[in-house]
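Below is one structure, written out as structure tokens, with a few remarks after it.
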Amino acid sequence: MVNRMIYLDHAATTPVDPRVVEAMLPYFSQHYGNPSSLYRWGQEGRRAIDQARSRIAKILNCSHSEIIFTSGGTESDNLAIRGVAFARHHQGNHIITSRIEHHAVERTCQQREREFGSQVTYLPVDRYGRIDPADVERAITPQTTLISIMYANNEMGTIQPIAEIGEIARHHSVAFHTDAVQAAGYLDLDVEVLKVDLLSLSGHKFYGPKGVGVLYLRRGLKLLPTQTGGSHEDNRRAGTENVPGIVGLALALELAQQDRQEKARRLITLRDRLIQGILERVSKAQLTGHPTQRMPNSASFAIDGASGESLLMALDLAGICASSGSACTSGSLEPSYVLKACGLPDRLAVGALRLTLGHENTEEEIEYTLETLPAIVERLRAVAPAYA
Ligand code: PLP
């Protein structure tokens, strides 16, 4: 067991930036008034929310009234899909999504099918996890009310051609949602460039707090609230606002945008060193996801003969935090459905390893990982009966 820990799981969550913590602190026990209260103390909270909304709108290139605060990426995805499906049910009951969406999208679509008779098309992906926009167009029927395709995949970092899909959706007057939870902080979030009608964000993926998210909803698009109660968020999402979280998310997003491309370039250098080193030093390791259209911070592999779970435990003992796929599915020995959708056999899909970098990672940490991983894989292979 080593004392140092190297954190290579930034797609699962990120540490909160100390500047974000500082900005949030006054809203816990100093400016704690309820933003719906009319007296001054309440209005302080209201002002903080309004400011945060405008700052986020500026980054997304939209109007402040198009920003809805939620409790995170899962709720944003749920609200987008369920909200649009319910609001547009008289127009049709067909949803198009992909086979590699996060569970927050996938299981919401499955529930629509099971409980509400929706038809859902789960589009295939190529071996790199990319969706062909022509497949999206072919899948559209007069019944289609919503397309939901993620911006960047959480398990292997593959980036989708969102603007191209957006163009198609617009042409056919179908609402288009993208889960941008992994993309935020690294990729362009301009909703006009992306041509999206709904976009989900989650604070804790870009050095902000957990339990707070955003749903961008294009003006004029109808959405039935899934959470009812007070008239918060312009009657689109009831519940007293998480003021410290909202303040923190807005600052975190602004900080993430500052020098975004320069910071991404640094991460790409570290990522490529990691990818190259692992492919050279670990025999039969295979890169998963797209070789170039991938997140600047994401290195993901399928490692034959080393099950994801045992690999993670051995890496933990060696002081490295990694993931076998999405954080939500770790703990299960099921092969990754994302890798299976890319055509990987079960034998390889159980050996998923995801290393996701962050701004605080150093070259030295990458070298340590490259020195440590090959021996761990060899050890696991030596005791894996199937591999022998
Ligand atoms: N969507 C994607 C692509 C994610 O990676 C995650 C989190 O892992 C979520 C949605 C869910 O976000 P949250 O953890 O804020 O509920």
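The values are calculated or read from the model by the stated rules, or taken from the named source; none is laboratory data. Every value quoted in this text rests on a predicted model; they were computed, and no experiment measured them. Here the Cβ positions follow ideal geometry from the backbone for every residue, glycine too, while neighbour counts run over all protein chains shown. Remember, those area values only see protein heavy atoms, side chains included, never the ligands or the DNA or RNA. Shrake-Rupley method; radii C 1.70, N 1.55, O 1.52, S 1.80 Å.
A quick yes/no check of all residues on (1) under 29 Å from His359 (Cβ atoms); (2) open to solvent by 100 Å² or more (accessible area, probe 1.4 Å); (3) of a type in the set (Lys, Arg):
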{"residue": "Arg4", "(1), (2), (3)": "yes, no, yes"}
{"residue": "Asp9", "(1), (2), (3)": "yes, no, no"}
{"residue": "Thr14", "(1), (2), (3)": "yes, no, no"}
{"residue": "Asp17", "(1), (2), (3)": "yes, no, no"}
{"residue": "Phe28", "(1), (2), (3)": "yes, yes, no"}
{"residue": "Ser37", "(1), (2), (3)": "no, no, no"}
{"residue": "Ala48", "(1), (2), (3)": "yes, no, no"}
{"residue": "Ala52", "(1), (2), (3)": "yes, no, no"}
Given the conditions (1) touching a residue at least 12 places away in the same chain (Cβ under 8 Å); (2) part of a helix (DSSP H, G or I); (3) open to solvent by 60 Å² or more (accessible area, probe 1.4 Å), and given that Glu262 satisfies all but one, which numbered condition is not satisfied? (1)
Test Val105 against the criterion of being more than 16 Å from the ligand (Cβ to nearest atom), in contact (Cβ under 8 Å) with a residue 24 or more places away in the chain and part of a helix (DSSP H, G or I), and give yes or no. no
Testing Ala11 on (1) closer than 28 Å to Pro124 by Cα; (2) among the aliphatic types (A, V, I, L, M); (3) over 21 Å from the mean Cα position of the chain (by Cα), one condition comes back false. Which one is that? (3)
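Can you confirm whether segment 228-242 contains a residue that is out of contact with any His (no Cβ under 8 Å at 6 or more places or on another chain), under 16 Å from His359 (Cβ atoms), in contact (Cβ under 8 Å) with a residue 24 or more places away in the chain and within 15 Å of the ligand (Cβ to nearest atom)?
No: zero hits.
Of the residues that make up segment 77-97, is at least one within 17 Å of the chain's Cα centre (by Cα), without any contact (Cβ under 8 Å) to a residue 60 or more places away in the chain and either within 16 Å of the ligand (Cβ to nearest atom) or over 20 Å from Lys195 (Cα atoms) (or both)? Steps first, answer last, please.
First, pick out the residues of segment 77-97 that are within 17 Å of the chain's Cα centre (by Cα): 77-81, 97.
Restricting the remaining residues to those that are without any contact (Cβ under 8 Å) to a residue 60 or more places away in the chain gives 97.
Applying the additional criterion that residues be either within 16 Å of the ligand (Cβ to nearest atom) or over 20 Å from Lys195 (Cα atoms) (or both) yields 97.
Yes: one or more hits.
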Only one of these conditions is not met by Ile100: (1) touching a strand residue (DSSP E or B) at 6+ places or on another chain (Cβ under 9 Å); (2) hydrophobic (A, V, I, L, M, F, W, C); (3) away from the ligand (no atom under 15 Å from the Cβ). Which number is it? (3)
Which residue pairs have Cβ atoms closer than 8 Å, lie 6 or more positions apart in sequence or on different chains, and pair a first residue in segment 6-21 that is touching a residue at least 24 places away in the same chain (Cβ under 8 Å) and of a type in the set (Val, Ile, Thr) with a second residue that is within 11 Å of the ligand (Cβ to nearest atom) and open to solvent by 20 Å² or more (accessible area, probe 1.4 Å)? Thr13/His204; Thr13/Lys205; Thr13/Lys210; Thr13/Ala327; Thr14/His204; Thr14/Lys205; Val16/His204
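Being surrounded by fewer than 24 Cβ atoms within 10 Å (Cβ to Cβ) and under 16 Å from Met295 (Cα atoms), is that true of even one residue in segment 115-128?
Restricting attention to segment 115-128, the residues satisfying the condition of being surrounded by fewer than 24 Cβ atoms within 10 Å (Cβ to Cβ) are 115-128.
Still in the running and under 16 Å from Met295 (Cα atoms): 128.
Within segment 115-128, one or more residues are surrounded by fewer than 24 Cβ atoms within 10 Å (Cβ to Cβ) and under 16 Å from Met295 (Cα atoms).
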Considering only residues that are open to solvent by 20 Å² or more (accessible area, probe 1.4 Å), in a helix (DSSP H, G or I) and in contact with a strand residue (DSSP E or B) (Cβ under 8 Å, 6 or more places away or on another chain), which ones fall in segment 342-385? Leu348, Glu365, Tyr368, Thr372
For segment 210-222, what are the residues that are more than 10 Å from the ligand (Cβ to nearest atom) and surrounded by 23 or more Cβ atoms within 10 Å (Cβ to Cβ)? Val214, Leu215, Tyr216, Leu217
